[in-house]
Amino acid sequence: MDRFRMIFQYFQSNSESVMNGICGLLALASVKMYTCFDFSCPCLPWYNMAYSLGIMFIPPIALFFCGLILNRQSLVMLEEWRRPQGRRKKDLAVIRYMCSSIVQRAMVAPVIWIVVTLLDGKCLICAFSGSVDPEKFVGFANASPVQVQQLLAKVPCKDDELMRNNTSRKAVSRYLRCWSQALGWSILLILIVAAFLTCWLRPCFNQATLLQARHWSNYIDIEQKIFEETCCEHSRLFAHTCILHFFESMQQEIKLHSFSLPREGEGDLLRGITDQDQMNKLLKMWYCEKPPLDVS
Amino acid sequence: MDKFRMIFQFLQSNQESFMNGICGIMALASAQMYSAFDFNCPCLPHYNLAYGLGILLVPPFILFLLGFVLNNNVSMLAEEWRRPQGQRGKDRAVLRYMFCSMAQRAMIAPAVWVSVTLLDGKCITCAFCTSVPVETLGNASHPSLSQGEMKRVLARIPCKDIYDGQELIANEVAIRYLRCISQALGWSFVLLMTTLAFLVRSLRPCFTQAAFLKSRYWSHYIDIERKMFDETCAEHARSFAKVCIQQFFEGMGTDLAAAHCHPPRKAPADAGEAAEKLLGITDQGTMNMALKSWHRCKPPLHLHPPALPSGNGWAGEGQPPAHPAVPRRETAAYYSRV
């Protein structure tokens, strides 16, 4: 029981840090995924926008779902939300608190992906190279509209034969990258300021409610863990008793046909089974006719 | 028993994280396998499709089966499924739960392989290079080729060094196009898988929570029961072996005493434990004979009962003179009160 308590205290004090750790790992995985991913702009008029916006938004959605799946608390929250009321009232404030803490943690990795994408710039260059004003750039000012669209679409591809030596390509790239990085840093600044304000201004509003919600959400989490542990312990004892009863019933049968325990000391462990045939019979019985799940 | 219980409690309480760890390792192994694999497109009209789709679909299938093979609980599931009903009913829900949880874990490595393959792009480029829309992407001014000739030229797109259709359609244009399609498919697949996983995990508490708790408890129970039974049998085997071997040595001691016509020596009271442990074998020749006998003629798997107490005080010495002693060299012996 002592050991249980020790393990439990560990879980309780570290439940938050375990979740924060998972959140951090997912954020790192997000950055790693982006660097491993080989961004390859198609350089075709309509495909560019679809591809880039896809790369900008689909992985964050997938990362968000991953963040929800990997967080154990989301299951606990759902169970608490859907359980029948019974004799215990449901407190919506607690459920709301759990939901917001889960969503906040799950949002970290997607936001990091979007920020890294914007700071890198390739995505925005690919998406909006066809939308820049060709009049601003010398190399594209004199072509027909259709040609301009084709050329602008090829700007992200440095190695394309048409773009290889085009200086205006670099100008368009730099222009779009500048916008992209400005957007990326702005988003990062806004988010950090928002997080800062939330941390500092929260105690000014509803602190008592918050403390209660946090306490009871912690409680629900721990209660769930202890219930699972108790079920495990119970099933272990149940199995132990069931097997003992089984061996005893075999012992009864054997006693009818032969001598009893050969020797003290080892006798208890031998449980009256002292030869090959008896053991084979016991093993066969165990498979063919498992004892009923009843140890009363 | 205590150490077993401690380890077991630890594993059980951490079983989720243990299994998740295994899944993570398999996913990483799958990604590593892909990067170590040397993809080699044949660049021939019909072979491309077969090769590309083969690399996309056959390794995931193998990884899926491997996921089942490496999972210890598969034999437990099979055993529970095939056992005769006997005195204990079978619960289909428990079997379904066990199968579903194993299948979910086995699906992770194949899903990672398919995602990595699609996001890399080489496979789809190889498989579908003959289907590139030449009319929209290619040079309109190029004289038209026959179907077969065009396919032959397009099939070489993935192999840049032997590609000879630059006037028909630029190699980079075609590869970029195919890779874009491949990556779009890859991210869509990733999104689909994560959405499915999320739905499966989050819809369960909304609908079948009570049944789920029951199935989970009984599937853990079956696992624990099997492990405890194995542990009990191992303990029994240990005791059985110990007694069997002791009886063997005692039998040897008796035989030797009878052969040399020495009366069985009562160990002097002050010789202590060491003399007892020698089991009556005190010289090289005797030990060699004991070892030879152990190899040539192992004792039967049958333990004698202890000596019955007799009037002359020899009780407990392992000398049952009046008892019908089992001759050492017989292979079967029974004691029966019938």
(request) Normalising by the residue count of the range A:7-207, find the relative contact order in percent from Cα pairs under 8 Å and 6+ residues apart. (result) 26 percent
(message) Quick check: the angle from helix A:47-70's long axis to the longest principal axis of chain A, C-alpha only, nearest 10 degrees?
(response) 20 degrees
(message) Let's see if you can work this out: charge +1 on each Lys and Arg Cβ, -1 on each Asp and Glu Cβ, no other charges. What is the dipole magnitude of the protein assembly as shown about its Cα centre, in debye to the nearest 20?
(response) 1120 debye
(request) Within 10 Å of each Cβ in peptide A:57-64, how many partner chain Cβ atoms are there on average? Round it to a whole number, please. (result) 4
(message) Test of understanding: in a Gaussian network model of chain A with alpha carbons linked when under 10 Å, which of A:I226, A:I192, A:I22 would top the mean-square fluctuation ranking?
(response) A:I192
(request) Calculate the mean, over all residues of peptide B:178-186, of how many other protein chain Cβ atoms lie within 10 angstrom of the residue's Cβ. (result) 4
(message) Could you sort the peptides B:185-193, A:150-158 by per-residue average Cβ neighbour count (10 Å cutoff), highest mean leading?
(response) A:150-158, B:185-193
(message) For the pair B:S35/B:L145, report the inter-label distance in nm, with labels modelled 7 Å from Cα in the Cβ direction.
(response) 3.6 nm
(request) Compute the distribution of all C-alpha to C-alpha distances in the protein assembly as shown, in bins of 20 Å from 0, and list the percent of pairs in each, rounded to whole numbers. (result) 14, 31, 26, 18, 9, 2, 0
(message) I'd like to know which of B:F207, B:S115, B:I55 lies farthest towards the positive end of the charge dipole of the range B:1-210, counting +1 on Cβ of Lys and Arg and -1 on Cβ of Asp and Glu.
(response) B:F207
(message) Give the average, rounded to an integer, of partner chain Cβ atoms located within 10 angstrom of each Cβ in B:79-86.
(response) 3
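Every number in this text was worked out from the coordinates using simple rules, so none of it is lab data. Small disclaimer: the values here were computed from a predicted structure and weren't measured. Quick reminder, even Gly has a Cβ in these numbers, built from the backbone with ideal geometry, and neighbours come from all protein chains shown.
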